[in-house]
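Just so it is clear, none of the values below were taken in a lab; they were calculated from the coordinates. Just so it is clear, the model here is predicted, and its values are computed rather than measured. So basically every Cβ, Gly included, is an ideal-geometry build from the backbone, and we count neighbours across all protein chains shown.
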Amino acid sequence: MDDLQFRRSILADPKSRDDATNEAIKNDAAKQKFAHDVSALDDKIAQAMNIPVPDGLYDNLILRQTMASHQQQKRKTRVRLAMAASVAFVMGLTVNFMMFSHTYKNLGDYAIAHVNHEAAHFSNSAQPKVSLASLNEKMAAFKGSFDSTFGTLIFADYCRFDGSKSLHLVFQGKSSPVNVFILPDDEDITFVKDFANDELQGHSLNFNHSNVIVVGDKNEPIEQWQDRVKQNITWSI
Amino acid sequence: MATKQVRYEALVKALHADLYRYGYWLCHDKHIAEDLVQETFLRAWRALDSLKDEKAAKSWLITILRRENARRFERKRFEMSEYEEATITDVKATSNEQEIENYWLREKIAQMPEEYREPLVLQVIGGFSGEEIANILSLNKNTVMTRLFRARNQLKEAVDDEPKLRGLHNG
């Protein structure tokens, strides 16, 4: 090991000497002194580099981290809250949609369902209770009036017809009551001219801004009822 | 969560002093060094799960700190790149011999070129081997050993000239 190599090795890393370096030191006083000097210097360097650490640095570091993770926690809580709110909102919308949306695809289906639902309330033999005047009072809401009653009117009142306001008239029929619905022309529900199921049949008439639907059982001359309605009804502007 | 907290606190306790000293020798400013250490540990906290081997913690943290220090220069280019003697502070002005010598040596260390000082700080404070230093600094081992040799050689020469300078300081 030549002198330069020895110096390089000692100066580069005084703490770890390899065998060759140790061998070189053993019989050389000058090298021993050099190694000793460098080792002493290294202690001094270490001492000089060991600058004091500020008081409370450790505590500050822990504090900063605690604050940061607390902030993170708060942000997470906010996100969770927002997510819960969104879910609740969507559920609200869904419920709203399911409760108030149009369940029936067309006028006919709904008219039949409505008649079936209320069938129990009306008896064909009930006494007529509705005068022409009170009927026309109700018709005013649809900007129409009847010139005369064209049958025995058992019942006349406003009904919800799949979400829109309608007038529900019940006439005495041959074997079962005949239902007439007057409702505003609504784009949400499809207009069908003729419809029927096993027992009931119906016809719809479309006027300017209203639909008139007649529903009765299969024995009933619905066409005839329809003509009567057509003849007696007058629409105002 | 609790175990992460415990790991983190242990890590801070064991390594904050070394990291602070290393930071100080990178930037020569107590306050910047403290900020660097804060930032480093905060990042370490966020990424603590990625630290699998506790033995690698020190070099991992030093790598983060070096990156943080580099970012400082991206933000304020050249502002801190010149070493100013005024920013070296005498930390304890007790006028005993040892402190004066420390002070003098600190100045010398601070005046050393960055590329010599950094491996030396890593070796003396960090206790890293030449190979580890080469890894941290992305250099090859021979370059690191050469720089370490030059660093100590410079300091040794300075110390050998010391008596003259000592006179100046004491006078």
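Using a 7 Å offset from the Cα along the Cα-to-Cβ direction at both A:K26 and A:Q5, what is the distance between the two label points in nm, to one decimal?
Using points 7 Å along Cα→Cβ, the separation is 1.7 nm.
Nearest 500 deg cm²/dmol is fine: what mean residue ellipticity at 222 nm does the protein assembly as shown get from its DSSP H runs of n ≥ 4 alone, each adding -39,500 (n - 2.57), divided by its residue count?
So the calculated ellipticity at 222 nm is -19500 deg cm²/dmol.
For A:I51, what charge total do you get from the other residues with a beta carbon under 9 Å from its beta carbon, if Lys and Arg give +1 and Asp and Glu give -1?
+3
Under a point spin-label approximation (7 Å from Cα along Cα-to-Cβ), what is the A:S134-B:N142 distance to one decimal in nm?
Result for the modelled spin labels: 11.4 nm.
Can you work out the PRE-style zone for B:N153? Point 7 Å along Cα to Cβ, and I want the residues of segment A:6-50 with backbone N under 13 Å.
A:6-13
Take A:V90 and B:N135, extend 7 Å from each Cα along the Cα→Cβ direction, and tell me the distance between the two endpoints in nm.
Placing both labels 7 Å beyond Cα along the Cβ direction yields 4.7 nm.
So, with +1 on the Cβ of K and R and -1 on the Cβ of D and E, and no other charges, what is the size of the charge dipole of segment B:1-82 about its Cα centre, to the nearest 20 debye?
Values: 17 positive and 13 negative charges, 43 e Å.
Roughly 200 debye, rounded to the nearest 20.
Of the candidates A:D185, A:D43, A:D217, which one comes out as most mobile in a Gaussian network treatment of chain A with C-alpha springs shorter than 10 Å?
Comparing A:D185, A:D43, A:D217 in the GNM, the peak value goes to A:D43.
Take every DSSP beta bridge with both residues inside the protein assembly as shown and express the antiparallel ones as a percent of the total, to the nearest 5.
On the way: 32 of 33 bridges.
About 95 percent, rounded to the nearest 5.
Excluding A:N219 itself, what net charge comes from residues whose Cβ is under 14 Å from its Cβ, given Lys and Arg +1 and Asp and Glu -1? Write down the numbers at each step before the final one.
Values: positive: A:K174, A:K218; negative: A:D198, A:E199, A:D217, A:E220, A:E223.
Taking every Cβ under 14 Å from that of A:N219, the sum is -3.
Could you tell me the number of lysine pairs in segment B:1-82 with C-alpha atoms less than 22 Å from each other, where the two lysines are 8 or more residues apart or belong to different chains?
10
Report the calculated FRET efficiency for A:D147 and A:F97 (r = Cβ-Cβ distance, R0 = 35 Å), to the nearest 0.05.
Numbers: r = 43 Å, r/R0 = 1.21.
Here the calculated transfer efficiency is 0.25.
Using alpha-carbon pairs under 8 Å, 6+ residues apart, how would you state the relative contact order of chain A in percent?
14 percent
Once fully extended, how much extra length lies between A:D217 and A:R75, figured as 0.36 nm per residue of separation less the alpha-carbon to alpha-carbon distance? Intermediate values should be presented prior to the final figure.
Working: separation 142, 0.36 × 142 = 51.12 nm, distance 6.53 nm.
Here the answer is 44.6 nm.
Quick one: dipole size for segment A:3-49, taken about the Cα centre, charges +1 on Lys/Arg Cβ and -1 on Asp/Glu Cβ, in debye to the nearest 20. Intermediate values should be presented prior to the final figure.
Working: 8 positive and 9 negative charges, 22 e Å.
The calculated dipole for segment A:3-49 is roughly 100 debye.
Can you pull out the trypsin sites (Lys or Arg not before Pro) in segment A:132-206 whose DSSP state is coil and whose Cβ has at most 14 other Cβ atoms within 10 Å? Intermediate results must be reported in sequence, preceding the final value.
Values: sites: A:K138, A:K143, A:R160, A:K165, A:K174, A:K193; in loops: A:K143, A:K174, A:K193.
Of the trypsin sites (Lys or Arg not before Pro), the ones in loops of segment A:132-206 whose Cβ has at most 14 other Cβ atoms within 10 Å are A:K174, A:K193.
Need the list of lysines near A:K26 for cross-linking: C-alpha distance under 20 angstrom, and skip anything on the same chain fewer than eight residues off.
The reachable lysines, counting only those whose Cα sits under 20 Å from A:K26, are A:K15.
Under a point-charge model restricted to the Cβ atoms of Lys and Arg (+1) and Asp and Glu (-1), what is the dipole moment magnitude of the protein assembly as shown relative to its Cα centre, in debye to the nearest 20? Before the final figure, lay out each step's value.
Details: 53 positive and 58 negative charges, 68 e Å.
The dipole of the protein assembly as shown has a size of about 320 debye.
Please name whichever of A:N60, A:I10, A:M139 sits farthest to the positive end of the charge dipole of the protein assembly as shown, dipole taken about the Cα centre and charges placed at Cβ: Lys and Arg +1, Asp and Glu -1.
Toward the positive end, the furthest listed residue is A:N60.
I'd like the trypsin sites (Lys or Arg not before Pro) in segment B:2-73 restricted to DSSP loop residues with at most 15 other Cβ atoms within 10 Å, sorted by number.
Values: sites: B:K4, B:R7, B:K13, B:R21, B:K30, B:R43, B:R46, B:K52, B:K55, B:K58, B:R66, B:R67, B:R71, B:R72; in loops: B:K52.
Hits after loop and neighbour filter: B:K52.
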